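Student: Below: one structure in structure tokens.
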Amino acid sequence: MEAFGLLLQGFGVLLTWKILALMMVGLILGIFVGVLPGLGGPNGVAILLPLTFTMDPTSAIVMLSCIYWGALFGGAITSILFNIPGEAWSVATTFDGYPMAQKGQAAEALTAAFTSSFIGSLFAVLLITFLAPSVATFALRFGPPEFFAVYLLTFCSFVGLGREDKHKTIISLTLGLLLAGIGMDTVSGQLRMTFGSTELLRGVNFLVAVIGLFGISEILLTMEEKLALRGHTASISLRTVWKVWREMPRYWATLLRSSIIGSWLGVTPGGAIAASFMGYNLAKRFSRDPKSFGTGRIEGVFAPETAAHASGTAALLPMLALGIPGSGTAAILLGGLMVWGLNPGPLMFVEHKDFVWGLIASMYLGNVVGLVIVLTTVPLFAAVLRVPFSAIAPMILVSCAIGAFAIQNAMFDIWLMLLFGIVGYVFKKIGIPLAPFTLALVLGNRAESSFRLSMIGAGGDLTVFWSNPLVGTITTLAFTLLFWPVISALFDRGKRLLLPAKSERSGPA
Amino acid sequence: MTMLTTARFCGAAALALTLATGTASAAWEPTKPVEIVVAAGAGGASDQMARMMQSAIQKNNLMKQPVVVSLKGGASGAEALMYMKGSDGDANRVLIAYSLIYMLPLSAKVPFNWRDLTPVAVIAFDEFVLWVNASTPYKTVKEFADAAKAATPPFKMGGTGSKREDHVLTVLLEKKTGAKFAYLPYTSGGEAATQLVGNHTASNVNNPSENLEVWRAGQVRPLCVFSKERISYKGKVAGDTAWGDIPTCKDQGVDVQYQMLRAMFLPGKVTAEQTAFYEDLFKKVTQTAEYKEYMEKQALKPAFMTGKDMVKFLEEDDTLNKGLMTDAGFVAQ
């Protein structure tokens with residue numbers, strides 16, 4: 001229980017008015033950053049990083065990490081209210097969050113999102129507190145084959161467990177993989193599919209695509225449906241919050257599962273995005289009523305939000321212990337640490353105990369304070385739904401455009417966003433799911449390069465994906481999920497063959 | 001060459017003009033926040049250096065306008081190069097450049113030439129070191145090379161990017177030792193470092209800064225530095241070893257040398273006055289405590305070069321890099 005004593009010391013460092021005030025400022029800034037589509041945690045932290053140069057490292061990291069927590073909380077708000085993910089990892093939150101808002105349960109959905117975010121972070125922070133050294137060693141076991149197996153697992157879980165037609169999921173996934181190939185191929189060092197255009201050099205930015213596919217297409221659809229934003233009779237009170245909290249323990253399995261998936265993918269840089277999708281898909285798979293997912297189930301909000309937050313928080317662990325950032329924001333924080341003369345690495349936990357434990361303590365405190373702030377502002381955010389659509393649509397559009405521009409300061413990205421808006425509209429009309437497309441766009445490159453690195457390393461031998469228990473288990477699991485519909489059908493048939501008497505008897509009754 | 005002469009002529013003309021108008025008007029100063037453009041991802045060596053300069057400028061009040069760091073690491077850094085190329089005349093943007101300015105146009109046919117930009121100052125040189133996992137028995141380059149020669153499948157060499165400095169060094173190493181490596185291009189030096197610690201690769205050729213922390217933790221072992229002479233820093237870094245204790249590869253019988261520039265460039269078509277402002281600014285940066293501390297900590301070789309000296313150096317360095325890339329077969333047809 002050495003960790004416990006150190007943690008208490010950490011709290012001692014934090015409990016000053018100055019640090020608490022910085023924490024509040026950071027959280028509120030972060031929520032704003034999270035709400036604006038595209039601006040996002042990494043950009044927010046990058047913009048505000050210079051502000052902290054004159055502070056002492058502990059105050060600085062507390063403020064910056066609070067911006068990060070704020071952004072994690074804020075990302076859910078626009079997903080639920082407008083079907084526009086504020087952050088990439090909030091895409092899966094739209095699946096059930098938005099239908100809930102349409103049914104008039106915006107406040108419930110927001111409360112669910114914030115609370116489950118809190119639970120996810122808490123789980124990951126506990127993990128960091130007590131298991132930091134061993135978790136860090138676990139991350140070291142991931143080489144190219146292991147990474148590829150994880151990406152494969154994510155893709156396969158989509159095809160095998162998705163609600164949509166398999167062929168449509170595969171169409172969507174393949175198109176995403178194709179677009180992910182645009183730009184520099186890091187393995188051969190060559191440009192692909194840029195056709196001499198300097199704008200295409202950068203490739204298709206995932207966030208630009210998300211803003212277009214989800215945000216712009218949603219505005220187009222709403223316009224078609226007579227300019228009405230549905231579900232603006234949300235009743236908001238403390239009672240709503242209480243109601244959601246009372247319901248929560250029933251979903252303990254989902255919460256726990258998502259926390260574990262999130263922490264795992266955060267530590268091995270699979271990222272919050274993959275975590276939120278996987279959390280959602282598995283919650284659906286294990287649910288007694290999978291068909292109701294996507295129609296506004298509270299569990300469909302719990303699952304991705306818990307996973308995304310657990311992952312976002314756990315991503316800080318490899319950054320501190322290995323110097324490898326698990327997420328974009330962690331990478332910017334890493335830059336900040338170095339400015340303050342703190343080099344993250346295996347010795348960080350030994351040489352800078354005060355700092356590390358101050359940071360960990362700030363994770364606890366920041367999340368508690370963050371939860372209180374976002375919950376007290378739920379009525380404010382939900383009230384936005386009462387504003388007429390004709391007034392709010394232009395604002396959303398402008399905010400989307402600013403977001404798309406801000407990612408890389410490129411005008412081209414605004415056109416790209418509009419184009420993706422049309423693509424998203426068409427996809428929704430013909431029933432092609434958007435999520436596999438976005439997932440392929442974000443993980444496509446990493447999956448491809450880890451596959452090719454595995455092949456270079458193994459001299460083209462495919463058995464490398466079963467070469468040790470770790471990678472073998474993940475790969476096998478991936479294929480099991482891919483063929484899950486076939487496997488479960490076989491199981492059912494097998495059961496019927498083994499128990500013919502029972503089914504005969506139950507038939508007429 | 002004519003382009004360069006014209007540029008010089010313009011510069012001279014502009015200078016003459018300023019002198020003619022007299023010193024009554026104050027020297028040029030940035031009117032907007034100055035953007036340091038980084039041609040690499042967050043947390044990499046260029047980003048760290050840019051943040052060091054940002055904090056050195058801010059803490060020592062070297063400039064009235066604030067500094068922002070803008071990461072343009074897309075397409076392995078080509079994004080930053082094209083961004084600078086398209087910023088003609090905008091003296092509020094400076095690129096922190098490294099060997100990619102020579103290599104990327106050759107390997108990926110990116111339509112860029114460093115002569116389109118305005119060289120301001122060379123501010124440091126970065127070293128490369130051959131590293132192995134500390135749990136392996138190799139203590140000298142020879143032991144390592146012999147083992148690599150005998151190995152089937154070949155040893156895996158980790159590095160950053162394809163057909164770039166790490167890859168070139170690997171090919172040079174192959175040529176001098178006769179061993180063959182399976183080169184694995186990772187996306188950052190940090191990743192190459194952890195992959196070596198996790199035993200997923202047998203070795204890497206990371207910069208000192210990229211492997212510093214894992215070396216201090218005793219997880220990797222340096223075999224030699226790809227440099228003419230040893231690194232000058234004598235302070236103990238890992239246990240009781242200093243950077244200066246690492247032998248050169250040449251002394252170890254493998255004559256491979258490579259040093260990488262870290263230099264600042266303005267976009268093309270800026271005035272001589274503007275260039276002079278930044279030359280002065282970076283000169284002051286190299287005198288700050290922040291810079292000195294950073295150089296020692298990351299085992300970089302301090303340097304400062306401007307004007308004709310810098311252009312002469314760049315031309316020589318360009319020829320050298322072109323030769324290496326051609327020999328390695330990395331020039332796109």
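Student: Among helices (runs of 4 or more DSSP H) lying entirely in region A:445-509, which contain 3 or more residues that are modelled with pLDDT of 80 or more and among the small types (Gly, Ala, Ser)?
Tutor: Where helices (runs of 4 or more DSSP H) fall fully within region A:445-509 and carry at least 3 residues being modelled with pLDDT of 80 or more and among the small types (Gly, Ala, Ser), they are A:484-498.
Student: Right, another one. Which number in (1) closer than 24 Å to residue B:333 by Cα; (2) part of a loop (DSSP other than H, G, I, E, B) marks the one condition that residue B:168 misses?
Tutor: With respect to (1) closer than 24 Å to residue B:333 by Cα; (2) part of a loop (DSSP other than H, G, I, E, B), residue B:168 is out only on (2).
Student: If you check A:246, A:257, A:285, which single one turns out to be surrounded by fewer than 24 Cβ atoms within 10 Å (Cβ to Cβ), away from chain B (no Cβ under 13 Å) and without any contact (Cβ under 8 Å) to a residue 24 or more places away in the chain?
Tutor: Step by step, each of A:246, A:257, A:285 is checked, and only A:246 is surrounded by fewer than 24 Cβ atoms within 10 Å (Cβ to Cβ), away from chain B (no Cβ under 13 Å) and without any contact (Cβ under 8 Å) to a residue 24 or more places away in the chain.
Student: To continue, here is another question. Take residue B:199 and tell me if it is assigned to a loop (DSSP other than H, G, I, E, B) and at pLDDT below 95.
Tutor: yes
Student: I'd like the residue in region B:192-218 that is at the interface with chain A (Cβ under 7 Å from one of its Cβ atoms) and buried (at least 20 other Cβ atoms within 10 Å of the Cβ) and, out of all such residues, is farthest from residue B:126 (Cα to Cα).
Tutor: Per the criteria, the residue is B:200.
Student: Let me ask something additional. Which one of these does residue B:276 not meet: (1) surrounded by 15 or more Cβ atoms within 10 Å (Cβ to Cβ); (2) touching a Cys at 6+ places or on another chain (Cβ under 8 Å)?
Tutor: (2)
Student: Let me ask something additional. Go over the candidates A:375, A:320, A:397 one by one and state the one that is within 30 Å of residue A:137 (Cα to Cα) and either in contact (Cβ under 8 Å) with a residue 60 or more places away in the chain or within 12 Å of chain B (Cβ to nearest Cβ) (or both).
Tutor: None of the others qualify; the one that does is A:320.
Student: Looking at B:61, B:92, can you tell me which residue is more than 7 Å from every other protein chain (Cβ to nearest Cβ), closer than 16 Å to residue B:30 by Cβ, in contact (Cβ under 8 Å) with a residue 60 or more places away in the chain and surrounded by fewer than 22 Cβ atoms within 10 Å (Cβ to Cβ)?
Tutor: B:92
Student: So, in region A:73-100, exactly how many residues are modelled with pLDDT of 85 or more and under 21 Å from residue A:246 (Cβ atoms)?
Tutor: Summing the residues that are modelled with pLDDT of 85 or more and under 21 Å from residue A:246 (Cβ atoms) in region A:73-100 gives 4.
Student: Being more than 10 Å from chain A (Cβ to nearest Cβ) and at pLDDT 90 or above is the filter; apply it to region B:34-45 and report the residue that is farthest from the chain's Cα centre (by Cα).
Tutor: B:34
Student: Just need a number here: residues in region A:172-196 that are more than 9 Å from every other protein chain (Cβ to nearest Cβ) and under 28 Å from residue B:328 (Cβ atoms).
Tutor: Residues that pass the stated criteria total 5.
Student: List the strands (runs of 3 or more DSSP E) inside region B:233-333, counting only whole elements, that have at least 1 residues being free of Cβ contacts under 8 Å to residues at least 40 places away in the same chain.
Tutor: B:236-238
Student: So residue A:44 fits all but one of (1) modelled with pLDDT under 85; (2) in a helix (DSSP H, G or I); (3) surrounded by fewer than 22 Cβ atoms within 10 Å (Cβ to Cβ); what number is the exception?
Tutor: (3)
Student: Within the group A:173, A:153, which residue is modelled with pLDDT under 90 and under 26 Å from residue A:301 (Cα atoms)?
Tutor: None of the other options fit; the residue is A:153.
Student: For the list (1) surrounded by fewer than 16 Cβ atoms within 10 Å (Cβ to Cβ); (2) more than 20 Å from residue B:64 (Cα to Cα), I need the number of the one condition that residue B:260 fails.
Tutor: Tallying (1) surrounded by fewer than 16 Cβ atoms within 10 Å (Cβ to Cβ); (2) more than 20 Å from residue B:64 (Cα to Cα), residue B:260 fails exactly one: (1).
Student: Do we find a residue being more than 21 Å from the chain's Cα centre (by Cα), modelled with pLDDT of 85 or more and not small (Gly, Ala, Ser) anywhere in region A:384-393?
Tutor: Checking region A:384-393: not a single residue is more than 21 Å from the chain's Cα centre (by Cα), modelled with pLDDT of 85 or more and not small (Gly, Ala, Ser).
Student: Which residues, taken from region B:118-142, are in contact with a Ser or Thr (Cβ under 9 Å, 6 or more places away or on another chain) and in a loop (DSSP other than H, G, I, E, B)?
Tutor: Within region B:118-142, B:127, B:128, B:136, B:138 meet the criteria.
Conditions (1) buried (at least 23 other Cβ atoms within 10 Å of the Cβ); (2) away from every other protein chain (no Cβ under 14 Å), marked per residue:
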site	(1), (2)
A:98	yes, yes
A:103	no, yes
A:121	yes, yes
A:149	yes, no
A:156	no, yes
A:166	no, yes
A:170	no, yes
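Student: Within region B:109-159, which residues are acidic (Asp, Glu) and under 27 Å from residue A:460 (Cβ atoms)?
Tutor: The answer is B:146, and nothing else.
Student: From the residues in region B:158-191 that are of a type in the set (Asp, Glu) and more than 10 Å from chain A (Cβ to nearest Cβ), which one is surrounded by the most Cβ atoms within 10 Å (Cβ to Cβ)?
Tutor: Step by step, filter region B:158-191, then rank; the result is B:165.
Student: Taking the stated definitions as given, is residue B:109 more than 14 Å from every other protein chain (Cβ to nearest Cβ) and either more than 27 Å from residue B:286 (Cβ to Cβ) or surrounded by fewer than 19 Cβ atoms within 10 Å (Cβ to Cβ) (or both)?
Tutor: No, not satisfied.
The values are calculated or read from the model by the stated rules, or taken from the named source; none is laboratory data. Just so you know, these numbers come straight off a predicted model, no measurement behind them. Using ideal geometry, Cβ is built from the backbone for each residue, glycine included, and neighbour counts are taken over all protein chains shown.
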